[in-house]
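The values are calculated or read from the model by the stated rules, or taken from the named source; none is laboratory data. Keep in mind that what you see is a predicted model, and the values were worked out from it rather than measured. Please note: Cβ atoms are built from the backbone with ideal geometry, for glycine as well, and neighbour counts cover all protein chains shown.
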Amino acid sequence: MPFASDFAIMFTKAAPESYSVATLKVPPGFDPTLIDTIWAKLFPGKKASYLFQNKVFDISYNSMRKMNRAFIAIAFLSLMIACMGLFGLASQNAATRMKEMAVRKSLGASGANLAYELNRKFVILLGVSAILASLLCYFGINGALSLVPSKNLPLGVFPILLAFLLMFSTAAIAVFYQSRKIALINPAEVLKSE
């Protein structure tokens, strides 16, 4: 993977009237009033505007922190919307199969058996989609990072495992809630409308 230092650099000289920035290397403890004095001699009537490099880095890092917070907020909102959708799918699955589960319960099925029958296809579909999405994200993000000429840390397994944990814990809560509701149903109440 190429790094920024591996690229050839081309310099061009700008016209003096387009000069706008000068870079100075100064020793520690440098008195910035010296810059003002020299500037006033070279350009009378114009005020010098300067920043030390650590201030430039601080501005850049603060901007990156703000952008990072915005991306975290967007990711959190996306996760919440996805979790609500996941809960909605589990609820719809339970609602459409309520009569089937009532018949199974009236024939003697246990709560665990009802939960298994209710959520088996849902959990399989969730697992397959999680594997496909994680592979796509892993290779896509690593591919995008390899195009940037800088030293990037490779995407590890931890973010993907964290996403799996969040997704499956949300699914487990939704499935548990719906399974508990199915286990507590009274088959006579559900089937009396038939």
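Quick one: how many residues across region 163-185 are closer than 16 Å to MET80 by Cβ, among the small types (Gly, Ala, Ser) and surrounded by 14 or more Cβ atoms within 10 Å (Cβ to Cβ)?
So the count comes out to 3.
Search region 78-89 for residues that are under 8 Å from THR170 (Cβ atoms) and pair each with any residue that is β-branched (Val, Ile, Thr) and at pLDDT below 85 when their beta-carbon atoms are under 6 Å apart and the residues are at least 6 apart or on different chains.
Taking only residues 6 or more apart or on different chains, the pairs are CYS83/THR170; LEU86/THR170.
Being within 30 Å of GLY143 (Cα to Cα) and either acidic (Asp, Glu) or outside any loop (DSSP other than H, G, I, E, B) (or both) is the filter; apply it to region 1-43 and report the residue that is modelled with the highest pLDDT.
ASP6
Which condition number in (1) loosely packed, with under 14 Cβ neighbours inside 10 Å; (2) within 22 Å of ALA75 (Cβ to Cβ) is the one that ILE160 fails?
Checking ILE160 against (1) loosely packed, with under 14 Cβ neighbours inside 10 Å; (2) within 22 Å of ALA75 (Cβ to Cβ), the one that fails is (1).
Just the residues that are loosely packed, with under 10 Cβ neighbours inside 10 Å and not in a helix (DSSP H, G or I), please, taken from region 44-63.
PRO44, GLY45, LYS46, LYS47, SER49
Select from region 84-100 the residues that are part of a helix (DSSP H, G or I) and under 14 Å from GLU117 (Cα atoms) and list them in ascending order.
Within region 84-100, ALA90, ASN93, ALA94, ALA95, THR96, MET98, LYS99, GLU100 qualify.
Taking ILE124 and the conditions (1) part of a helix (DSSP H, G or I); (2) modelled with pLDDT under 85, which numbered condition does it fall short on, given that it satisfies the others?
The number of the failed condition is (2).
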